[in-house]
Amino acid sequence: MSVDYYMYSRRIESISTADCIFHSPQSSHLVAIPAPIYLKFLAGALTGGVGSVIGNPFYVPKTLSQANQGKAVPLMTLVSTVHHAEQGMAGFHRDVTAYIMGACVLNATKMVCYDVSKGYICNAAGWARKDVRTSFCSATLAGFFMTCTVSPFDRIRTGFMSQLIAFVLV
């Protein structure tokens with residue numbers, strides 16, 4: 001989560017710098033306005049996609065290990081099985097597009113809903129942004145919306161992984 005948030009905050013800065021800082025006609029100072037929601041969504045989606053590509057090779061053996069119902073299989077045996085059964089390193093990126101799409105939607109929803117709901121809660125309740133109540137309410141709302149938006153992608157990913165499990169462990 002901390003890596004996702006760091007990447008998200010850096011992408012927001014780089015994507016929205018030109019759109020969010022302007023010269024105020026009333027004063028000689030630069031005025032910063034918050035990034036629009038579509039740019040926040042784009043930054044979250046980019047970081048989710050990058051994280052998915054990096055994390056997918058670790059996700060495949062972990063899922064195979066968890067799905068194994070028989071005798072315990074060492075991790076290196078699972079890795080070599082996937083490597084040999086799926087044409088080398090490509091086996092670790094099998095059906096990676098479903099993972100990328102799901103991660104883009106998940107990360108974008110998580111970051112945008114948390115950020116936007118935190119602002120609304122601060123304004124409505126009068127709590128500080130760093131107040132525990134604000135964080136709890138924002139996280140609850142973000143979790144609800146994440147569940148709604150990511151569920152279809154999780155079903156697709158589960159189908160792909162069950163095919164891989166049936167292929168490798170049998």
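What residue, among those in the stretch 59-98 that are touching a Gly at 6+ places or on another chain (Cβ under 7 Å) and open to solvent by less than 50 Å² (accessible area, probe 1.4 Å), is modelled with the highest pLDDT?
Going through the qualifying residues, I end up with Val82.
Of the listed requirements (1) assigned to a helix (DSSP H, G or I); (2) open to solvent by 60 Å² or more (accessible area, probe 1.4 Å), Asp115 misses just one: (2). Arg129 meets each of the listed conditions (1) touching a helix residue (DSSP H, G or I) at 6+ places or on another chain (Cβ under 9 Å); (2) within 20 Å of Asn56 (Cβ to Cβ) apart from (2). Within the stretch 24-34, does at least one residue satisfy the condition of being open to solvent by 90 Å² or more (accessible area, probe 1.4 Å), modelled with pLDDT of 75 or more and either closer than 13 Å to Asn107 by Cβ or not in a helix (DSSP H, G or I) (or both)? No; the residues of the stretch 24-34 include none that is open to solvent by 90 Å² or more (accessible area, probe 1.4 Å), modelled with pLDDT of 75 or more and either closer than 13 Å to Asn107 by Cβ or not in a helix (DSSP H, G or I) (or both). For the stretch 135-150, which positions are open to solvent by less than 80 Å² (accessible area, probe 1.4 Å) and either hydrophobic (A, V, I, L, M, F, W, C) or touching a Lys or Arg at 6+ places or on another chain (Cβ under 6 Å) (or both)? Result: Cys137, Ser138, Ala139, Leu141, Ala142, Met146, Cys148, Val150. Residue pairs whose Cβ atoms lie under 7 Å apart, separated by 6 or more positions or on different chains, with the first residue in the stretch 40-60 and closer than 23 Å to Phe92 by Cβ and touching a residue at least 60 places away in the same chain (Cβ under 8 Å) and the second in a helix (DSSP H, G or I) and hydroxyl-bearing (Ser, Thr, Tyr), are Thr47/Tyr8. Take the conditions surrounded by 12 or more Cβ atoms within 10 Å (Cβ to Cβ) and among the hydrophobic types (A, V, I, L, M, F, W, C) and apply them to Phe153. Does it pass? Criteria met by Phe153. So in the stretch 118-134, with the set limited to residues that are part of a helix (DSSP H, G or I) and among the hydrophobic types (A, V, I, L, M, F, W, C), which one is surrounded by the most Cβ atoms within 10 Å (Cβ to Cβ)? Only one residue fits best here, namely Ile121.
The values are calculated or read from the model by the stated rules, or taken from the named source; none is laboratory data. Since we're looking at a predicted model, the values are computed, not measured. Methodologically, a virtual Cβ is constructed for each residue, glycine included, from the backbone with ideal geometry; neighbour enumeration extends over all protein chains shown. Quick note on the areas: whole protein, heavy atoms, side chains included, nothing else; ligands and nucleic acids left out. Shrake-Rupley method; radii C 1.70, N 1.55, O 1.52, S 1.80 Å.
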